[in-house]
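Visitor: Structure provided below as structure tokens; questions to follow.
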Amino acid sequence: MHRPALLRAIGTENIAFAFRAMKAQKLRSFLTLLGIVAGVATVIAMVSFVAGFNAAVTDSFSSFGTTLVQYQKYEPRFGGGGRLPEDQLRRKDLTVEDAKALKELNTLASSVSQERYLFGPAGASVVVKNEKGKEANAPTICGTNPDYAPSNNSAVSDGRFLVDADVTHATRVCVVGDDVVQILFDRKDPLGRQVYVNGVPFTIIGVLEKKGGLFGGSADNILLMPISTFDEMWPQVKNGGGDTIHIATVPKDPARMYEMMDQGTAILRARRGLKASEPNDFAIFTSEGNLKTFQQVTSGIAGAMILIASIALLVGGVGVMNIMLVTVTERTREIGVRKALGAKRADIAAQFLVEAVALTSVGGAVGIAIGLGIPQLVKALLEFPAAAPLWSVFLGFGVSTAVGIGFGLWPAVKAAKQDPIEALRYE
């Protein structure tokens, strides 16, 4: 028999022998594999969650435009809660006049959106109903201008958006999101119909294209009105009783987003009388920057979970090494017989190394199946994004194989070094 064919036959025989050994010692093999299964399953599941979550976050931020630069009074706080720092509370409000100055002086900006939102207690007290008294699901109320649509990567699917005349005359018109249409009008044509915002009638002039949502919220549950109308209805917000104005800008040339941001920052600093040595007394929000922040957070969580998985794999590897050492001891006489019949050290080492790799590969396969199943179950029950990339499956097999080789090598070498005469005498 040619050497390649002989090697294949020996390899096949070793693999078959390894699986027979596992079958003969079912409970011992099962207990040995638990650490490998837990470690590989954790790695696959975490990769699935992080990949799906990052994809969902990226899509969410992209839906508002990847070149969005927003100026606001307070620093963004993900999760919220707690009192704002004193230095932020002492900041002056941004104003409509600031937005107008950016529109006039920032030569790199294609649009500048003035946005005022009802957050906190003011927003909680707003009720939006249709003509029959059916209530919407607490939509976000925003006062803005015609630049909102291009600044926030939004468009109307039906009707029209706000125009300058709406802002100038403080008209009682509104543009609504898809969620509002679905709840109040059962997806029937809402154009020209009335909605009542705290009892004040507004005529629907447009419906926004659907964007979706993230973190349990929806970008489609929104009602937009002219900012002048907003200020008439809630003057306390404009006068410091609520959230300050947000100024959203997008560049004419996406490649010059950071130049536009620097120019806008310089304009606001000059208007607010800041010296060169003083820090900004306003916040700058960018989709790209916040996307990186989220990805850093998810990467940190993934790193911590992979560390835990590595400990499980280490424990599993030690278990594999121990069980293989026991196996070598139990089969000492068998090793002596094989050596007496002409088996070389390499043959003995290969036999026990193949058994260790087969053992961990089975654990890796089970771990991969569990690791792929957990995210799909969570996705089905909680609608949490999960997507296992193909490379994670190869990673699972690679890790389990590496554990088998790494922790099976010493027992295999020990078996190969057995003295045939002493091995034959072993009882």
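Please treat every number below as a calculation from the coordinates, not as lab data. Computed from a predicted structure; not experimentally measured. Note that each Cβ is placed from the backbone with ideal geometry, even for glycine, and that neighbours are counted across all protein chains shown.
Visitor: Fewest first, what order do Glu86, Glu75 take by the number of other Cβ atoms within 10 Å?
Guide: So the ranking, lowest neighbour count to highest, is Glu86, Glu75.
Visitor: I want to make sure I understand the PRE zone here: with the label point 7 angstrom from the Cα of Leu105 toward its beta carbon, which residues in region 259-283 have backbone N atoms less than 12 Å away?
Guide: So the set is 263-274.
Visitor: Residue separation times 0.36 nm, minus the C-alpha to C-alpha distance between Ile311 and Leu377: what's the value?
Guide: Computed gain between Ile311 and Leu377 is 21.3 nm.
Visitor: Working out 0.36 nm times the residue gap between Arg272 and Lys129, then minus their Cα-Cα distance, what length gain in nm do you get to one decimal?
Guide: 47.4 nm
Visitor: Can you put Val237, Val69 in order, fewest other beta carbons within 10 Å first?
Guide: Val237, Val69
Visitor: Given labels modelled 7 Å from the Cα in the Cβ direction, how far is it in nm from Asp281 to Gln194?
Guide: 4.6 nm
Visitor: Taking the Cα centre of region 92-281 as the origin and placing charges on Cβ (Lys, Arg +1; Asp, Glu -1), which of Leu274, Tyr117, Gln194 is farthest toward the positive end of the dipole?
Guide: My answer, from the dipole projection, is Gln194.
Visitor: What's the ranking of 188-195, 111-118, 35-42 by average number of surrounding C-beta atoms within 10 Å, highest first?
Guide: 35-42, 111-118, 188-195
Visitor: Per residue of region 27-44, in order, report the coupling 6.51 cos²θ - 1.76 cosθ + 1.60 (Karplus, θ = phi - 60°) as ³J(HN,Hα) in whole Hz, putting x for Gly and Pro.
Guide: 5, 4, 5, 4, 5, 5, 7, 4, x, 5, 4, 4, x, 5, 4, 5, 4, 5
Visitor: Can you give me the distance in nm between label points at Asp253 and Thr203, each placed 7 Å from the Cα along the Cα-to-Cβ direction?
Guide: Label at Asp253, label at Thr203, 4.3 nm between them.
Visitor: Right, another one. Can you work out the FRET efficiency for the pair Leu390 and Ile370, with r the C-beta to C-beta distance and R0 = 25 Å, to the nearest 0.05?
Guide: 0.90
Visitor: For a quick check: sort Glu330, Glu355 by the number of other beta carbons within 10 angstrom, fewest at the front.
Guide: So the residues, fewest neighbours to most, are Glu330, Glu355.
Visitor: Obtain the nm distance between the two label points defined at Leu31 and Asp158 by a simple spin-label model: each point lies 7 Å from its Cα along the Cα-to-C-beta direction.
Guide: Here the answer is 6.7 nm between the modelled labels.
Visitor: Still on this structure, please answer the following. Just how far, in whole angstrom, is region 359-373 from region 325-356 if you go by their alpha carbon centroids?
Guide: 27 Å
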